[in-house]
Amino acid sequence: MATTVLKRDLTVALFDPLADVPELPAVWNGPHVATRIVEGFATLRLMPGGIRIGTRSAWPTYSYEFADLIAQHEQGELERTMAIQNRTRITPTARQVERAMKATYWPTKYLYANQPDLCESVNAVALAHALERDAGWVARKRGGYADTWRARHDRGCEIIAAALAADRVPVF
């Protein structure tokens with residue numbers, strides 16, 4: 001009779017549920033402030049509503065017939081159409097909304113009065129990152145150079161981090 005030896009050490013080494021959770025810094029720093037502002041803009045984008053809230057309908061935008069589905073399948077578009085029809089929108093929790101409101105207010109609170117150009121840069125670059133774009137996109141939309149936008153954004157986040165530390169705001 002053969003004996004089977006199980007190595008339990010391998011399962012522990014392969015599975016670490018906390019591997020993807022980033023550590024919080026002890027005090028606020030510029031990159032962490034930038035991360036929180038970007039997360040704030042991304043959370044606000046997930047909020048239901050918007051400008052056209054009254055004009056939306058529960059009915060689909062187009063009723064597909066069988067011939068339409070066959071034609072889409074032949075063109076390779078059927079999977080994309082089905083993905084669009086089956087998407088669900090996940091709304092953020094109250095805690096995420098609260099954090100988003102705090103974080104997106106920081107540039108206005110700490111920069112707008114004394115350095116409005118840094119406030120604009122922090123907001124523009126953070127919004128671009130929330131839209132999964134970069135500072136080059138901001139430069140194309142607003143003019144100037146991507147390096148300048150990025151440098152102003154980083155400088156503004158450092159100023160906000162120092163102000164948050166001075167105000168003893170807990171790191172989240």
> So how much slack lies between V97 and E23, counting 0.36 nm per residue of separation and subtracting their Cα-Cα distance, in nm?
Replying inline: 24.5 nm
> What distance in nm separates the simple spin-label points at E77 and A165, each placed 7 Å from Cα in the Cβ direction?
Replying inline: 5.5 nm
> Which GluC sites (Glu not before Pro) in segment 56-135 pass both tests, a DSSP loop state and at most 14 other beta-carbon atoms within 10 Å?
Replying inline: E65, E77, E132
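Which net charge results for the neighbourhood of H73, defined as the other residues with beta-carbon distances under 12 angstrom from its beta-carbon, given Lys and Arg at +1 and Asp and Glu at -1?
Summing Lys/Arg as +1 and Asp/Glu as -1 gives -3.
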> Dipole magnitude of segment 70-168 about its Cα centre, charges +1 at Lys/Arg Cβ and -1 at Asp/Glu Cβ only, in debye to the nearest 20?
Replying inline: 320 debye
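Which order do K141, K109 take when ranked by solvent-accessible area (1.4 Å probe, heavy atoms of all protein chains), largest first?
Greatest to least solvent exposure: K141, K109.
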> If r is the Cβ-Cβ distance from A113 to R140 and R0 is 35 Å, what FRET efficiency results, to the nearest 0.05?
Replying inline: 0.75
> Counting only Cα, what are the radius of gyration and maximum Cα-Cα distance Dmax of segment 67-172, in Å?
Replying inline: 20.2, 66
> Taking the Cβ of K141 as the center, what net charge do the other residues with Cβ under 13 Å away carry, scoring Lys and Arg +1 and Asp and Glu -1?
Replying inline: +1
> For Y105 and D147, what is the calculated FRET efficiency with R₀ set at 35 Å and r taken between the beta-carbons, to the nearest 0.05?
Replying inline: 0.80
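The values are calculated or read from the model by the stated rules, or taken from the named source; none is laboratory data. From a predicted model like this one, the values you see are computed outputs, not experimental measurements. Every residue, glycine among them, receives a Cβ derived from its backbone with ideal geometry; neighbour counts consider all protein chains shown. Just the protein is used for accessible areas: all its heavy atoms, side chains included, with ligands, DNA and RNA removed. Shrake-Rupley method; radii C 1.70, N 1.55, O 1.52, S 1.80 Å.
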